[in-house]
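Data first, discussion second: the structure below is written as structure tokens.
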Amino acid sequence: MRITGVELRRVALPLVAPFRTSFGTETVRDALLLRVVTDDGEGWGECVADSDPRYSSEYVDGCRDVLTRHFLPALGGDPGLRAWDVERRLAPFKGHPMAKAAIEMAVLDLRLRETATSLTDFLGGVAEAVPAGVSVGIMDSIPELLDAVDGYLSQGYVRIKLKIEPGWDVEPVRAVRERFGDALALQVDANTAYRLADARHLARLDPFDLLLIEQPLPEDDLRGHAALARRLSTPMCLDESIVSARAAADAIALGATSIVNIKPGRVGGYLEARRVHDVCAANGVAVWCGGMLETGVGRAANLALAALPNFTLPGDTSASARYYARDITAPFVLEADGRVRVPTGPGLGAAPLPDALAEYTTETTWVPFG
Ligand code: OSB
Ligand code: MG
């Protein structure tokens, strides 16, 4: 069916608790949703950029601008557009992977719904449900952290990731390990907060038998990560640095990463995310699905991706309630076995509920196609 236009909908969803990382604190998820419309159908996409360019250079206002000013006009001449056309037509534009991924996701949802195919079947997913970890923000005190971790473990989460930064690293890790024992699957994420000169300090995390340390150094410092990996026994995992399948291949070849966090928004879409998965699989490198505090729209798509066979570590694919008192889609729930079910319906297998969408929308823009 011919695409008639794209609606950009900005929503503001309050988080159940502030989420603090080494790059800032979020209390409300300011997300941009895209709805691609035909005469008798629609498809939804979510842009994972934050309000501020602190995790990456992208931010919501910038994404909206590049989409309306450059990307949608470049796609507008092709109302029969498929997901791979989106990728090819936007390739000449540098950067902006999160904005590109959002429109690709919406077109994937639209076209897969037209053929009643689920995103997970399209991508090659094999799991019916995926083990869920939880990413735990930096807290004001260790007792507060222990309470938060205790709460998540009693809900059934199977892996804990602690956000770290200089001044909040060895002690919180020690406290969590001592309190919850050696069997706890535990990892840390620094979001680029350290430098190679901190290698000796970071080696103090080695005795705690972590699954991995995620992105300790700046995103363009692959050589630094390789050098640091040689000095730590904790496995190195990259997030911010893995911007494409090619970047993943480079990082693996350099010894800068032995596990990869895959986020479709960071690599420009689900088609590229699958290529990252495949490159890692071919190199014997395990992957897991990262998260960007997605609403149910992006969460549905991440779960579909996380069903691929090389996603062998639990992801940051937590249940809706970990983030939002009320999600904009039907909520994703944590099953008794610590897993979240992979959607099986056509397309993403999830769509915004009109009431919730109306409640949280802060801005709507309609961009006609063609
Ligand atoms: O680095 O993985 C990250 C959230 C926002 C931006 C970056 C990151 C994160 C998380 C939370 O760690 C993942 C989630 O639960 O969605
Ligand atoms: Mg990360």
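I'm trying to understand the selection: among the residues of the stretch 15-34, which are within 16 Å of ligand 2 (Cβ to nearest atom), assigned to a strand (DSSP E or B) and touching an Asp or Glu at 6+ places or on another chain (Cβ under 9 Å)?
To start, the set of residues in the stretch 15-34 that are within 16 Å of ligand 2 (Cβ to nearest atom) comprises 19-26.
Cutting the leftovers down to assigned to a strand (DSSP E or B) gives us 19-21, 24-26.
Of everything in the stretch 15-34, those that are within 16 Å of ligand 2 (Cβ to nearest atom), assigned to a strand (DSSP E or B) and touching an Asp or Glu at 6+ places or on another chain (Cβ under 9 Å) turn out to be Phe19, Arg20, Thr21, Gly24, Glu26.
Residues that are in a helix (DSSP H, G or I), surrounded by fewer than 24 Cβ atoms within 10 Å (Cβ to Cβ) and without any contact (Cβ under 8 Å) to a residue 40 or more places away in the chain within the stretch 259-284 comprise Arg275, Asp278, Val279, Ala281, Ala282, listed in sequence order.
Here Ile242 clears all of (1) assigned to a loop (DSSP other than H, G, I, E, B); (2) away from ligand 1 (no atom under 12 Å from the Cβ) except the condition numbered (2).
Condition first: surrounded by fewer than 19 Cβ atoms within 10 Å (Cβ to Cβ) and either basic (Lys, Arg) or touching a residue at least 40 places away in the same chain (Cβ under 8 Å) (or both). Now tell me which residues in the stretch 358-369 satisfy that.
Step one: filter the stretch 358-369 for residues surrounded by fewer than 19 Cβ atoms within 10 Å (Cβ to Cβ), giving 358-359, 361-368.
Those that are surrounded by fewer than 19 Cβ atoms within 10 Å (Cβ to Cβ) and either basic (Lys, Arg) or touching a residue at least 40 places away in the same chain (Cβ under 8 Å) (or both): Thr361, Thr362, Glu363, Thr364, Thr365, Trp366, Val367, Pro368.
Phe311 meets all of the listed conditions (1) among the hydrophobic types (A, V, I, L, M, F, W, C); (2) open to solvent by 10 Å² or more (accessible area, probe 1.4 Å); (3) within 14 Å of ligand 2 (Cβ to nearest atom); (4) touching a Leu at 6+ places or on another chain (Cβ under 8 Å) but one, namely (3). Considered as a group, the residues in the stretch 289-343 that are of a type in the set (A, V, I, L, M, F, W, C) and free of Cβ contacts under 8 Å to residues at least 40 places away in the same chain include one that is farthest from Ala185 (Cα to Cα), and that residue is Ala330.
Gly349 meets the stated requirement of being in contact (Cβ under 8 Å) with a residue 24 or more places away in the chain, away from ligand 2 (no atom under 16 Å from the Cβ) and under 23 Å from Leu108 (Cβ atoms). When Ile213 is tested against (1) open to solvent by less than 10 Å² (accessible area, probe 1.4 Å); (2) away from ligand 1 (no atom under 16 Å from the Cβ); (3) hydrophobic (A, V, I, L, M, F, W, C), exactly one condition is not met: (2). Thr329 meets the stated requirement of being surrounded by fewer than 23 Cβ atoms within 10 Å (Cβ to Cβ) and among the polar types (S, T, N, Q). Considering the stretch 34-91, and only residues there that are under 19 Å from the mean Cα position of the chain (by Cα) and of a type in the set (A, V, I, L, M), the residue that is surrounded by the fewest Cβ atoms within 10 Å (Cβ to Cβ) turns out to be Val60.
State all residues of the stretch 315-326 that are open to solvent by 20 Å² or more (accessible area, probe 1.4 Å) and either charged (D, E, K, R) or not in a helix (DSSP H, G or I) (or both); if no residue qualifies, say none. Once the filter is applied, which keeps residues that are open to solvent by 20 Å² or more (accessible area, probe 1.4 Å) and either charged (D, E, K, R) or not in a helix (DSSP H, G or I) (or both), the stretch 315-326 yields Arg322, Ala325, Arg326. When the stretch 121-155 is filtered for residues that are crowded, with 17+ Cβ neighbours inside 10 Å, in a strand (DSSP E or B) and of a type in the set (A, V, I, L, M), the ones remaining, listed by number, are Val130, Ala132, Val134, Val136. Within the option set Asp182, Asp198, Asp220, being open to solvent by 30 Å² or more (accessible area, probe 1.4 Å) and either closer than 27 Å to Glu294 by Cα or within 16 Å of ligand 1 (Cβ to nearest atom) (or both) holds for one residue only, Asp220.
Selection of the stretch 285-306 for residues being away from ligand 2 (no atom under 16 Å from the Cβ), assigned to a loop (DSSP other than H, G, I, E, B) and crowded, with 23+ Cβ neighbours inside 10 Å yields only Thr295.
The values are calculated or read from the model by the stated rules, or taken from the named source; none is laboratory data. Keep in mind the model is a prediction, meaning the values are calculated, not measured. Every residue, glycine as well, gets a Cβ built from its backbone with ideal geometry; the counts of neighbours run over all protein chains shown. Remember, those area values only see protein heavy atoms, side chains included, never the ligands or the DNA or RNA. Shrake-Rupley method; radii C 1.70, N 1.55, O 1.52, S 1.80 Å.
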